[in-house]
Number of protein chains: 4
Amino acid sequence: SAELVSWASLAPLSVRDKHANKGHFGRLLCIGGNRGMGGAIRLSAEAALRSGVGLVKVFCHEQSQWQVSTGRPEIMLNIDSGTAALKAALDWCTCIVLGPGLGTDSWAQSQFEQVLCYVQLSQKPLLIDADGLNLLALKKAQSTHLSLPMCIVTPHPGEAARLLDTRVKDIEQNRYRACQDIAQQYGVVVVLKGAGTVIGSSQTNEVQVCADGNPGMATAGMGDVLSGVIAAMIAQGLVAQLAATYGVCLHAAAGDRVASIYGQRGMIAGDLFEPLRTLLNYQ
Amino acid sequence: SAELVSWASLAPLSVRDKHANKGHFGRLLCIGGNRGMGGAIRLSAEAALRSGVGLVKVFCHEQSQWQVSTGRPEIMLNIDSGTAALKAALDWCTCIVLGPGLGTDSWAQSQFEQVLCYVQLSQKPLLIDADGLNLLALKKAQSTHLSLPMCIVTPHPGEAARLLDTRVKDIEQNRYRACQDIAQQYGVVVVLKGAGTVIGSSQTNEVQVCADGNPGMATAGMGDVLSGVIAAMIAQGLVAQLAATYGVCLHAAAGDRVASIYGQRGMIAGDLFEPLRTLLNYQ
Amino acid sequence: SAELVSWASLAPLSVRDKHANKGHFGRLLCIGGNRGMGGAIRLSAEAALRSGVGLVKVFCHEQSQWQVSTGRPEIMLNIDSGTAALKAALDWCTCIVLGPGLGTDSWAQSQFEQVLCYVQLSQKPLLIDADGLNLLALKKAQSTHLSLPMCIVTPHPGEAARLLDTRVKDIEQNRYRACQDIAQQYGVVVVLKGAGTVIGSSQTNEVQVCADGNPGMATAGMGDVLSGVIAAMIAQGLVAQLAATYGVCLHAAAGDRVASIYGQRGMIAGDLFEPLRTLLNYQ
Amino acid sequence: SAELVSWASLAPLSVRDKHANKGHFGRLLCIGGNRGMGGAIRLSAEAALRSGVGLVKVFCHEQSQWQVSTGRPEIMLNIDSGTAALKAALDWCTCIVLGPGLGTDSWAQSQFEQVLCYVQLSQKPLLIDADGLNLLALKKAQSTHLSLPMCIVTPHPGEAARLLDTRVKDIEQNRYRACQDIAQQYGVVVVLKGAGTVIGSSQTNEVQVCADGNPGMATAGMGDVLSGVIAAMIAQGLVAQLAATYGVCLHAAAGDRVASIYGQRGMIAGDLFEPLRTLLNYQ
């Protein structure tokens, strides 16, 4: 069974402490942006900034640094220079997004492995998206034991099929079941994207379905934006499942706001930045 | 004889399926952007995004990657790394634009040849513009048989003259005839640009003339935007000739909208992005 | 004696021909943008586009290509690759701007020399600004004969002092005289910038003084914008002296418009792009 | 004891001289932007432009040139090419910002040392921020005599703790005392950032506390913007302590203006550019 959730039905976030500093609103590390794929991680990072995170740092391939920060200088940058740099960035942050534009080559695998090792020990919250999910599916197939404490995964149906080693058709036939299966097999919170995004968790049998959203959101980069929004909720103090619910509804409501003003056709992912902020402040 | 067409007279596009995903609105591959010419292919790609394509990927010269995606991170990027990369991108897409900023050097010729070979077999719709047309004219001169199924070409009078191995003056003297001649000789749908853009096809004797548009649109990059708009119509399911008619009228009407708000002088190609979206949604 | 001129007092430009194509509104070549100085030539080129030129191409140092075209893909780009490339660009254009961000190193000197040789023969209109003026002063000191047909120079008082081999104080003491002296010695149209910009010509004894403008315009890049605006007037068919008058008044009136809406402080050069267009269309 | 200050209570800046040129409003040199950290120095430079400085030049690492100037071509650029280049830039300017994105590696140390030597002799006003403060703390520990005439430092509590060789907790327990201690030990004007920014000076026993500002400003890059704003006040003629007061209040009031229009959450540093200008012009 499924509970219907929507942005309008969620309780407002608490008022901000007047004496807050940048650290109070989290330090988010976004890992991805392999060679030629810097756009994806920039969308994720910028969405997080507009969703209220205090500090957002991108760890990307050196060749992607200009795509990431030229147009948005508020994004901090950590150009890949080996294991020590990644370790320092991971120590710095309070929350991690892994996957947008990560790719699946050896550079990507190296980052992926280090992050998964790190979170085993640190217990820092981790959101895995996009290519990170493809690497996760591969890893699952190879290892009997995989522990992902405080982890959220955000697959679209194709990625969900890989996570469950099945076909997209099987995912679409029973989306609630697919969401719960991933949650159970991986021990994580799951956001199964699509028309009526489904949210599940290994700690409950009931899934949630988001009532907001529209087909204009079926466009490149929307998933990258979603990963930044959910991570922003975690970085600001929500627990993983609540962050997933908040983030999914906020993201979908922002898309609805764009559609109501400009229409569904021709919507692009970056159009959501401004309504994300508006909705958060005038909830 | 010629039929007058205009954006106002076209039937609205169908409403979007509520369960659509990114794939439903097409995957467009834009090939061009040689060294120093990344701007042209970016304009084409961004126009396509604003005209409702789900996913737009640019295949360009490595040196142009920053011009293409830094300012518009929603554009996917495929940096040239040989034949296999192009083949994978061609397999991925549902529609192809070939030519904006392509150049005519050996890099350009290599991409051009591979794409033409590919579409012979795949039957994927292809739009050829700009430098792609110059290479096409050369190829025609060399080969007795040239098959271009599902292909649209969008020459301005200079490119049309090269396609017909004649002079610009001859094109301008009888634009309907020139349009039909190209259509017959190449077996394609033709968009002959200029004041009163003419649309013709190898499958009909009648041409269409677009009643929309204004001289403010006589500025750099407007043709690149048009190629993206027409390709977007194909990617969203229109057949080639109807896509040409829709695209030409939408593009011209968007230019008229810019002129009515800001005036004709000083209009630039990127000014069309926003009205393209508005017109598509409030047709 | 001096004639006071202002934007409000100028006759409107003629209505555009409905059958115009890109070539009708000129092809402007902007030469400058040495290593690390791409911003200046971009401002000049973008101002020209917003002032109604059909096509604007920048010839710059290879290292400056991203600064020039990433944010404004409508600007065509010609990366320096030797004498042949510059010759081709010069042949292509109908008007030339030489100087913004050009520098004075050997690369700069090489472009400067080639352009001056070229215009001797081609009689194409040439505007020299910024570092181009410093190189011009050097050249004048070395050669007894210097012919600059159809040339406009746009010095600020410091550059004027170098052109006349005198001190800034001498320029400021009698701006009319200084303007006329440069006009006579170099055989050119002169725009002497400052509060109350003075316009003079070797073909008349009377100078004009612009009544528009405000001290908020005393900021980096304003001169680069002015060179693009004046060149745009030439490219659209005005003769050099009239283009200087129109360009100076349009530029100053655009600055006044920014000041009246946003205030004088914190105005930056790029703020003029939008009002340039507005004034041109609603004259 | 502390005096409460706010933007609303400050006397308006004087009206601009109608005959002003770019030099009248100062020439600011911003030094920072090490490899991968160009965003910080761009924010500082752009804030200074919007706060009314005539000319702003950035001296940065070569790899950061695109992040600095691609999106804001009005920013002048000086790519690091050794000691002579920095010397020339220092000679050119009337005011210096040192630190945003500077880093602490050998490149950073080299710039830091040269600037400190230079200001000993030149007596040009210097603002030290961010990584510059960390290098300053190190230098203080090593040298018995450190003279910083006409210098402003703008630490957040963490940097203040390093300057005083103590813990953040000690800073926060008595912010007035901490501010005065830094002022005395370093002989400078101090801006101690945080909720209720404190301003002190070695030449007075009383501190000021800014009443403006809000927790939405606790986000990446806000400090970089502040350094640009304060330096802009110096460049336009205010003495160091008054510039600090004006700059802090203007910056905080701009943040309040963003919050009142868009809300506190999701505010980013660049949002302040426009209200900075508005407040300065309609004080």
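The values are calculated or read from the model by the stated rules, or taken from the named source; none is laboratory data. The structure displayed is predicted, hence computed values, not measured ones. With ideal geometry, Cβ positions are generated from the backbone for all residues, glycine too; neighbour counts draw on all protein chains shown. With ligands, DNA and RNA removed, areas are computed over all heavy atoms of the protein, side chains included. Shrake-Rupley method; radii C 1.70, N 1.55, O 1.52, S 1.80 Å.
Between C:LEU10, C:LEU28, C:LEU49, the distinction of being crowded, with 23+ Cβ neighbours inside 10 Å, in contact with a Cys (Cβ under 8 Å, 6 or more places away or on another chain) and either of a type outside the set (Ser, Thr, Tyr) or more than 25 Å from C:GLN123 (Cβ to Cβ) (or both) belongs to C:LEU28 only.
Residues considered: D:ASP91, D:ASP17. Of these, the only one that is open to solvent by 40 Å² or more (accessible area, probe 1.4 Å) and out of contact with any His (no Cβ under 7 Å at 6 or more places or on another chain) is D:ASP91. Kindly evaluate B:ASP105 against the criterion of being over 16 Å from B:GLY132 (Cα atoms), open to solvent by 10 Å² or more (accessible area, probe 1.4 Å) and either more than 9 Å from every other protein chain (Cβ to nearest Cβ) or among the β-branched types (Val, Ile, Thr) (or both). So B:ASP105 does not fit the description; no. Looking across segment C:27-65 at every residue that is within 12 Å of chain D (Cβ to nearest Cβ) and basic (Lys, Arg), the one that is nearest to C:GLN109 (Cα to Cα) is identified as C:ARG35. Using the structure shown, decide if B:SER69 is within 19 Å of B:ARG27 (Cβ to Cβ), within 14 Å of chain A (Cβ to nearest Cβ), of a type in the set (Ser, Thr, Tyr) and free of Cβ contacts under 8 Å to residues at least 60 places away in the same chain. For B:SER69, the condition - within 19 Å of B:ARG27 (Cβ to Cβ), within 14 Å of chain A (Cβ to nearest Cβ), of a type in the set (Ser, Thr, Tyr) and free of Cβ contacts under 8 Å to residues at least 60 places away in the same chain - is met.
Right, D:ILE268: open to solvent by less than 20 Å² (accessible area, probe 1.4 Å), without any contact (Cβ under 8 Å) to a residue 60 or more places away in the chain and over 22 Å from D:GLN185 (Cβ atoms) or not? So D:ILE268 passes the test.
Answer yes if at least one residue in segment C:200-221 is assigned to a helix (DSSP H, G or I) and closer than 25 Å to C:LEU49 by Cβ, and no otherwise. Within segment C:200-221, one or more residues are assigned to a helix (DSSP H, G or I) and closer than 25 Å to C:LEU49 by Cβ.
Do we find that C:PRO100 is within 14 Å of chain D (Cβ to nearest Cβ), surrounded by 15 or more Cβ atoms within 10 Å (Cβ to Cβ), under 24 Å from C:ALA254 (Cβ atoms) and touching a Cys at 6+ places or on another chain (Cβ under 9 Å) in this structure?
Spelling it out, C:PRO100 is indeed within 14 Å of chain D (Cβ to nearest Cβ), surrounded by 15 or more Cβ atoms within 10 Å (Cβ to Cβ), under 24 Å from C:ALA254 (Cβ atoms) and touching a Cys at 6+ places or on another chain (Cβ under 9 Å).
Just one of the listed residues (A:GLY237, A:GLY263) is more than 11 Å from chain D (Cβ to nearest Cβ), at pLDDT below 95 and either over 24 Å from A:GLY38 (Cβ atoms) or open to solvent by 10 Å² or more (accessible area, probe 1.4 Å) (or both), and it is A:GLY237. Checked against (1) under 17 Å from the mean Cα position of the chain (by Cα); (2) without any contact (Cβ under 8 Å) to a residue 12 or more places away in the chain, D:ILE261 passes all but condition (1).
For segment A:198-218, a residue qualifies if it is away from every other protein chain (no Cβ under 14 Å) and of a type in the set (Val, Ile, Thr), and the qualifying residues are A:ILE199, A:THR204, A:VAL207. Look at (1) assigned to a helix (DSSP H, G or I); (2) surrounded by fewer than 23 Cβ atoms within 10 Å (Cβ to Cβ); (3) out of contact with any Gly (no Cβ under 6 Å at 6 or more places or on another chain); (4) without any contact (Cβ under 8 Å) to a residue 40 or more places away in the chain and you find that D:LEU163 fails only one, number (2).
State whether the residues of segment A:77-93 include one that is more than 9 Å from chain D (Cβ to nearest Cβ), within 23 Å of A:TYR246 (Cβ to Cβ) and of a type outside the set (D, E, K, R). Within segment A:77-93, one or more residues are more than 9 Å from chain D (Cβ to nearest Cβ), within 23 Å of A:TYR246 (Cβ to Cβ) and of a type outside the set (D, E, K, R). Of the residues making up segment B:239-258, those that are closer than 25 Å to B:GLU3 by Cα, of a type in the set (A, V, I, L, M) and in contact (Cβ under 8 Å) with a residue 40 or more places away in the chain are B:ALA240, B:ALA243, B:ALA244, B:VAL248, B:LEU250, B:ALA252, B:ALA253.
Just one of the listed residues (C:GLU159, C:GLU206) is under 29 Å from C:TRP7 (Cα atoms), of a type in the set (Asp, Glu) and modelled with pLDDT of 95 or more, and it is C:GLU159.
The residues in segment C:188-206 that are more than 21 Å from C:PRO125 (Cα to Cα) and of a type in the set (A, V, I, L, M, F, W, C) can be counted, and the count is 1. With the structure loaded, tell me whether A:VAL207 is surrounded by fewer than 24 Cβ atoms within 10 Å (Cβ to Cβ), of a type in the set (A, V, I, L, M, F, W, C) and within 24 Å of A:LEU136 (Cα to Cα) or whether it fails that test. So A:VAL207 fits the description; yes. Taking each residue of segment D:1-21 that is more than 15 Å from D:ALA252 (Cβ to Cβ) and looking for partners that are open to solvent by 80 Å² or more (accessible area, probe 1.4 Å) and outside any loop (DSSP other than H, G, I, E, B) with beta-carbon atoms closer than 6 Å, six or more apart or interchain, yields D:ALA2/D:TYR176.
Assess whether C:GLY194 counts as being part of a loop (DSSP other than H, G, I, E, B), open to solvent by less than 50 Å² (accessible area, probe 1.4 Å) and without any contact (Cβ under 8 Å) to a residue 40 or more places away in the chain. Answer is yes for this residue. Is there a residue in segment D:115-131 that is small (Gly, Ala, Ser), touching a residue at least 12 places away in the same chain (Cβ under 8 Å), surrounded by fewer than 24 Cβ atoms within 10 Å (Cβ to Cβ) and more than 14 Å from chain C (Cβ to nearest Cβ)? Scanning segment D:115-131, I find at least one residue that is small (Gly, Ala, Ser), touching a residue at least 12 places away in the same chain (Cβ under 8 Å), surrounded by fewer than 24 Cβ atoms within 10 Å (Cβ to Cβ) and more than 14 Å from chain C (Cβ to nearest Cβ), so the answer is yes.
Within segment B:276-283, is even one residue among the basic types (Lys, Arg), under 18 Å from B:LEU28 (Cβ atoms) and either more than 17 Å from the chain's Cα centre (by Cα) or surrounded by fewer than 24 Cβ atoms within 10 Å (Cβ to Cβ) (or both)?
Yes.
Just one of (1) under 18 Å from the mean Cα position of the chain (by Cα); (2) closer than 28 Å to C:ASP80 by Cα; (3) of a type outside the set (S, T, N, Q) fails for C:LEU146. It is (1). Of everything listed in (1) under 28 Å from D:SER1 (Cβ atoms); (2) open to solvent by 10 Å² or more (accessible area, probe 1.4 Å), the single unmet condition for D:ALA183 is (2). Selection of segment C:101-147 for residues being in contact with a helix residue (DSSP H, G or I) (Cβ under 9 Å, 6 or more places away or on another chain), of a type in the set (D, E, K, R) and not in a helix (DSSP H, G or I) yields C:LYS124, C:ASP129.
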